[in-house]
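Notes follow the structure.
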Amino acid sequence: AFRFDTLVVVDVRTDASSVADNATYTLHVALNDVLGQPTQTLVIEGGAQDRVVLQGLGWVSTGETNATASHQYAVFTNGAASVLVEQYMTTSRGLL
């Protein structure tokens, strides 16, 4: 289980105006980005039109979800690293 009060949360929508503009945002995440976090876990939030690209090999969907009061996340791992992606966002993996 993840303690959400200790995790770094990244919202791909850069500010309040981007939440309302319905634009599509893409966030590229490398393994080192996650391993550089104190908990080696990154939480990514965004809209249904937004996308996360997990760069490099080794990312695996655990098939599990974790939820808070207002968000539900799909869980991806790569060794000791974990990324929780808001479940309705598009997620792709691989070399880019």
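Rounded to a whole number of µm²/s, how large is the Stokes-Einstein D of the chain at 10 °C and 1.306 mPa s, given Rh as the Kirkwood radius over C-alpha pairs? Translational D for this selection: 118 µm²/s.
In this rough spin-label picture, where each label sits 7 Å from Cα along the Cβ direction, the residue 22-residue 92 distance is 2.3 nm. The length gained by stretching the chain between residue 57 and residue 39 to full extension, at 0.36 nm per residue less their Cα-Cα distance, is 4.4 nm. Place a point 7 Å from the Cα of residue 32 along the Cα-to-Cβ direction; which residues of the stretch 61-94 have their backbone N under 19 Å from it? Only 78-83, 94 pass the distance filter.
Here the calculated FRET efficiency for residue 8 and residue 48, from their Cβ-Cβ distance with R0 = 30 Å, stands at 0.85, rounded to the nearest 0.05.
No lab work stands behind these numbers, since they all come straight from the coordinates. Everything quoted here is computed from the prediction, not taken from an experiment. All Cβ positions, even for glycine, are placed from backbone atoms using ideal geometry, and neighbour counts span all protein chains on display.
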